[in-house]
Amino acid sequence: MTLSSRDLECRSAAASLSDMELFVFPELIYALTLANIMSPRIWAWRDDPWFEGIERMKPYRRMTRLKQFIMDHYAFNLDLETWGLTTREREMARFADFIDTNELQKSNALFGYEGDKYYFDIDIRTHFGLQKYDGNIIPYWKTETVEAMDAFCHKPHYQTGAGECVSLATLYAAALFIVARIPLRDIYLMATPLHSQNFVDVNDGVLTNNRRLVTKNMWFNGTALSSQARRALENEQVTLVAHESGIIHVLYDEATINRDAYLRFAHKLTGFLNTGLTVEILGNFLRQAPAIHRCFQLRWNVHGTDRYLPLERAFAYEDNSPYLVTDNTRAKLIDEMELEEFQNSPLPSRIILNDLEDFVRDEKIDLCNSDDAARLKQRFSSHCMNAEIALHSLIRFCRTEPRLPEHEKKQFRPGAATLGLEPDMSRDEVLEQLAALRDGNRIIELAYYAFRDLLSTDWQPFMKAALERCPVPMEATRNEDLNTVAAAIEQMENVSIYDGPGRLAQPDEVWNYRRGDGLEKAILLANIIHSRQPDSTMQLIIEKHSVRLECAAASWSYNTNKGLPSQTWRLPV
């Protein structure tokens, strides 16, 4: 089959799966989710004793069970050296025919986007760890398949699997369906310039955030973990939403996601991110705003006499206690405090929190009502702080308006609302359903490439990615002669990280995890030769149980168990 340049580039990107490729070809994030659903790895989790009886649990309980499994088995990894480096100029040139590069620079953090004050405040290159490199250097940051995530345990200094945020998001989406039995129609994947996470339409909504889950109550509890979880949606544009029905992307006019499904998602997410002002929410706001603790005090009756406690001291006691300042366990928290913490009279210039709480409770303040907001501002008045800033911060804490791709500006392409995959299906039934839909569904077609199945996909896209976008082996062997490199590859363990026939690892995966089938080792060596001699031609000759790489007068042979039919690949593609 002859592929167009876009199809070849997109299908090869399904093998390399870098963050920047998922931005340019947004179908890939759901293609990877489906590839993980196709994989036998996550289906095997169902037999783990940890999940015994999970089908009898309520949906959120199933999700928390899954969360602990992921916490125990995967670490978060964003190491710059794992998948190597490239340059903005190289990638801009690569994508120039597929996307407006000026728009790319305005909306993607790797290509220089600093559109929000937030990005200047965090110093985007320092945030990424790129300050030690020239300004045009950017990481590949490849999104790992579940197999590549599992294989991190073979790398030095890793005891478990690992992955970056997109990897964890797609892993979660697949595992929510397979293990937690959450329907795909209730799972939405979201990407922002700095982060990827999922919104799951269960109860009031649940966010996956790297390895953790965040409920609506957690979103507003004011803890350090919730503050970290809030950063992306509070400060960033959502560039992409992916769903079983399709995708919507901030830069593309056409949306393939089902319009009703997208509007339902937008409504549910907005509800998740907004709450009314209650006494507990007021306290949670203060918890995450330590700079203004010095402007508040807590009144408490001690042995029949009102005493006063600096609010910062009250919150300090939360660190080593199961009780909180901000809910009905306050009395138990105060019982743990030393009497000398309290003052006999009110502290000057400090607002008494109890009085502010009474006002909020009695007045039923609506932060959207300007008169209510003005009255609340008066209550915040203090020589100690700027009431206007404090009120604005409180409103921002209670009300986050997600910056989603605008549905009014998109052309929604009619399509199926579901893939017909249900949580009670077996893996064989899922594979049969995807195969039946493959010809008419671009995302499913790409899923087979992300699945690395060379028995049912063209080999050229895989090899294009293998030769052009795996810089790690090239850099690691730069100062070694080819015979030494070939000998080192020969000594690697003869086992693939990918289960079953036809599924192949990319060269950087073979190198990082020091293992591979003979065919994968031959491709790794071809990667290194091509990096040194880009104009040279090679042949990869595959037979039933052997593979031979030929370049000029040299050749290298390996045994293979991948079951590919006899064929010859002429390289480069």
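Some observations on this one:
- Options 298, 311, 269: the member that is closer than 26 Å to residue 203 by Cα, surrounded by 19 or more Cβ atoms within 10 Å (Cβ to Cβ) and in contact with a strand residue (DSSP E or B) (Cβ under 6 Å, 6 or more places away or on another chain): 269
- Here is the figure for the stretch 258-285: residues that are assigned to a loop (DSSP other than H, G, I, E, B) and either more than 20 Å from the chain's Cα centre (by Cα) or at pLDDT below 95 (or both) total 5.
- Annotation note: Cβ proximity below 9 Å between a residue of the stretch 95-111 that is at pLDDT below 80 and a residue that is in a helix (DSSP H, G or I) and of a type in the set (S, T, N, Q) (sequence gap 6+ or interchain) occurs for 111/101; 111/105.
- Odd one out for residue 40 among (1) closer than 30 Å to residue 206 by Cα; (2) surrounded by 13 or more Cβ atoms within 10 Å (Cβ to Cβ); (3) not charged (D, E, K, R): (2)
- Qualifying positions in the stretch 286-319 - outside any strand (DSSP E or B) and touching a Pro at 6+ places or on another chain (Cβ under 8 Å): 293, 294, 312, 315
- The number of residues in the stretch 84-107 being over 22 Å from residue 251 (Cβ atoms) and in contact with a helix residue (DSSP H, G or I) (Cβ under 6 Å, 6 or more places away or on another chain) comes to 1.
- Residue list for the stretch 193-236, restricted to those being touching a Ser or Thr at 6+ places or on another chain (Cβ under 9 Å), under 21 Å from residue 264 (Cβ atoms), buried (at least 20 other Cβ atoms within 10 Å of the Cβ) and among the polar types (S, T, N, Q): 196, 197, 198
- Per the conditions (1) of a type outside the set (Val, Ile, Thr); (2) more than 24 Å from residue 481 (Cβ to Cβ); (3) crowded, with 16+ Cβ neighbours inside 10 Å, the sole criterion not satisfied by residue 551 is (2).
- Residue 182 passes every criterion in (1) touching a Ser or Thr at 6+ places or on another chain (Cβ under 7 Å); (2) touching a residue at least 24 places away in the same chain (Cβ under 8 Å) apart from (1).
- Residue 389 falls short on exactly one of the conditions (1) touching a Phe, Trp or Tyr at 6+ places or on another chain (Cβ under 6 Å); (2) among the aliphatic types (A, V, I, L, M); (3) exposed (fewer than 15 other Cβ atoms within 10 Å of the Cβ), and that condition is (1).
- Wholly enclosed helices (runs of 4 or more DSSP H) of the stretch 366-444 bearing at least 2 residues in contact with a strand residue (DSSP E or B) (Cβ under 6 Å, 6 or more places away or on another chain), among the hydrophobic types (A, V, I, L, M, F, W, C) and at pLDDT below 95: none
The values are calculated or read from the model by the stated rules, or taken from the named source; none is laboratory data. Note that the structure is predicted; figures quoted are calculated from it, not measured. Glycine also receives a Cβ, built like all others from the backbone with ideal geometry; neighbour counts cover every protein chain displayed.
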